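Chemist: Handing you this structure, nothing more for now.
No value in this document is a laboratory result; all are computed from the given coordinates. If you're wondering where the values come from, they're calculated on a predicted model, not measured in any experiment. For neighbour counting, all protein chains shown are included, and Cβ atoms are generated from backbone atoms with ideal geometry for every residue, glycine included.
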Amino acid sequence: MAVVRRREVVAAPAGGGSVSSGRVNEAAAVAASEVDAWASETDVLVVGFGAAGASTAIEAARAGARVDAIEAAGGWGGATAMSGGEIYLGGGTTLQKSCGVEDTPEAMLAFLTAATGPGVDEAKLALYCEQSAEHYDWLVGCGVTFEAKVWNEPAWEAPTGYGLMYTGGENAHPFNGIAQPAPRGHIVHMADKKPGERSAGWALLDNLVRTAENAGARVRYNTRAVRLVVDGGRVVGAEVATFGERSFVRARTGVVLCAGGFAANATMLSGNAPSLLGQHLVGTDGDDGRAIRMGQSVGAAVRHMDAGQVAFPSDPALIHRSLLLNRHGHRFINEDTYAGRIGQASLFTQGGQAFLLYDERAGDEARATMGYHVQPTWVSDDLAELAREMGIAPGVLEATVEQYDIGAAKGEDPQHHKVARWLRPLTAPYGVLDLRHAPSGVFTLGGLHTSTDGEVLTPDRTPVPGLFAAGRTTNGIPSRGYCSGTSLGDGTFFGRRAGRAAARGK
Ligand SMILES: Cc1cc2nc3c(=O)[nH]c(=O)nc-3n(C[C@H](O)[C@H](O)[C@H](O)COP(=O)(O)OP(=O)(O)OC[C@H]3O[C@@H](n4cnc5c(N)ncnc54)[C@H](O)[C@@H]3O)c2cc1C
């Protein structure tokens, strides 16, 4: 086994506010001169084996490189295997065409620019939209299957048998006025899935892992990257730990960091994205941000470290049919938009203090759609009585409901522009769901700044030689706003590009 002679760091952690002062950064890179021996050598070392890592490994191996992946957990998976398997693709994919959906890369770009911004990486977004249809074919070529059937109801995940759905609020205000709406959430097929328990992300990764292994990539599980190794400013490998035993892996052409985000690291959250603290982790313990700190230690820049996906803690089928109210009894967003956009608005602008007000018909229709039964916190015929329970000033709730009902009766929502399909005056008895203490599901969107080829960039946009990254270790397509499917989408798409670039040693 290789031995480290000294435990000195070669660089201080840069930016991100992620490391408390006065402490040695354990993720800081080590100089190659400190490495006594390399335990193994490869061309491309992939760190983390979720969607981004597997896609990287496939393309690096197909480019002729020897590829070794290391995965901290005892098997492949990460957040990817827990996910719903929705992949945001469009611009006229084969699946969209089979479903009779018209779409163009231009419409997709206009939508994503508005929905995932502000501060989008324009080059990444343009490339992603332009090559999205090809990326769909690539996934199919890896054995991933999709059903040619559109799910036209609001939901976090569509049931088995449906392959396409709206996952970003494309058909709702304000985006329906910005770009031609099209469903772009491509849902990986998986038999007998149980949303929230056993979902299609597993089927996606099962196919990607098999493809990577068939292409020649080798994977070591229970092996965690600890630090990068640098030689004259170039990343040449990593120190890894297997059951506590440390060793060094040399990477001749590139190290690719695909180790997830930092939603499981409370210190990094409090320094970068404090609103996400105390919420429900949508991910795994592997989302400890170590790979981001490893990158920062060799001069990498980070982007949008305060951004996060926020899954609003309720069922979209019910939200669409309800009035979403803040703690003062006012509506603050159109309820028919993507529930992740609602989650961001609720957490970031209302401190997560929200109520859903609905009637019996709304509850029954929502249950009929997705099969969930939601028990209201309070039920009453009397809005004034409900307002007292909710702690809302007298008269406000009645005024909010009256204003909504008047517009809804005419099929209009002048205040928040909910589309006519979801507009109907509410009728007593009313139910209220108190969500003021319900945590939202969150994961981080910020991460290492990368080029369209996955090169990790310094603040002046110079690539760190030998270092690449993809997936939630990076800031990818979702800059601030989020649409379901953009995480698996950018992780697989830019993972492929990072794999090819790392194989070339670009
Ligand atoms: C319930 C749920 C539903 C979701 N649904 C969707 C969806 O439908 N569509 C969508 O786009 N997104 C969805 N997401 C989010 C999405 O799954 C993740 O953002 C995405 O899978 C991240 O991919 P990744 O490859 O970057 O990370 P991961 O899949 O998490 O893979 C990273 C891997 O790196 C490993 N690792 C970490 N640190 C190290 C280290 N130091 N050394 C070695 N290995 C390390 C981890 O163990 C992990 O296996 C969902 C997430 C959850 C939890």
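Chemist: Once both axes come from the Cα atoms, what is the angle between helix 105-116 and the longest principal axis of the chain, in degrees from 0 to 90, rounded to 10?
Modeler: 80
Chemist: Counting other Cβ atoms within 10 Å of each Cβ, which trypsin sites (Lys or Arg not before Pro) in segment 257-356 have at most 16 and sit in a DSSP loop?
Modeler: Listed in order of number, the matching sites are R327.
Chemist: Number of Lys pairs in the chain with C-alpha atoms less than 24 angstrom apart, excluding same-chain neighbours closer than eight positions?
Modeler: So the count of such lysine pairs works out to 5.
Chemist: In addition: For a quick check: with amide H placed at 1.01 Å from N, whose amide H comes under 5 Å from I87's, ignoring anything fewer than 5 positions away on the same chain?
Modeler: H186, I187, V188
Chemist: Here is a further query. What is the local net charge at D206, summed over the other residues whose Cβ is closer than 15 Å to its Cβ (Lys, Arg +1; Asp, Glu -1)?
Modeler: In short, 0.
Chemist: Grab the DSSP H runs of the chain that are 4 residues or longer, score each as -39,500 (n - 2.57), total them, divide by all residues and round the 222 nm result to the nearest 500 deg cm²/dmol.
Modeler: The per-residue figure over the chain is -9000 deg cm²/dmol.
Chemist: What are the extents of the Cα atoms of segment 187-274 along their three principal axes, in Å, largest first?
Modeler: Rounded to whole Å, the extents work out to 51, 42, 26 Å.
Chemist: Please report the net charge: other residues with Cβ closer than 13 Å to the Cβ of V101, K and R +1, D and E -1.
Modeler: Here the charged neighbours net out to 0.
Chemist: Could you work out the local net charge near P154, counting Lys and Arg as +1, Asp and Glu as -1, over the other residues with Cβ closer than 13 Å to its Cβ?
Modeler: -3
Chemist: Please work out the Cα convex hull volume for segment 82-200 and give it in Å³ per residue.
Modeler: 105
Chemist: If you don't mind, another one. Have a look at S275, P465, H320 and report the one farthest towards the positive end of the charge dipole of the chain, computed about the Cα centre with Cβ charges (Lys/Arg +1, Asp/Glu -1).
Modeler: Selected residue: P465.
Chemist: Quick check on packing: order 152-165, 72-85 by the mean number of other C-beta atoms within 10 Å, highest mean leading.
Modeler: Ranked from most to least packed, the peptides come out as 72-85, 152-165.
Chemist: For the chain, count all C-alpha to C-alpha pairs, find those more than 36 Å apart, and express that count as a whole percent of the total.
Modeler: 32
Chemist: Continuing with the same structure: What distance in nm lies between label points placed 7 Å from Cα along the C-beta direction at H280 and E385?
Modeler: Each label point lies 7 Å from its Cα, and together they span 3.0 nm.
Chemist: If you keep only loop residues by DSSP, which GluC sites (Glu not before Pro) in segment 53-139 have at most 16 other Cβ atoms within 10 Å of their Cβ?
Modeler: Sites meeting the loop and neighbour criteria: E102.
Chemist: Sticking with this structure for a sec: Quick one: dipole size for segment 314-434, taken about the Cα centre, charges +1 on Lys/Arg Cβ and -1 on Asp/Glu Cβ, in debye to the nearest 20.
Modeler: Once rounded to the nearest 20, the dipole reads 440 debye.
Chemist: Given axes a ≥ b ≥ c from the Cα gyration tensor, I'd like to know whether segment 314-434 is rounded (a/c under 1.5), prolate (a/b larger than b/c) or oblate.
Modeler: Judged from the Cα gyration tensor, segment 314-434 comes out rounded (a/c under 1.5).
Chemist: Which of the chymotrypsin sites (Phe, Trp or Tyr not before Pro) found in segment 203-264 are loop residues per DSSP with 15 or fewer other Cβ atoms within 10 Å of their Cβ?
Modeler: Y221, F243
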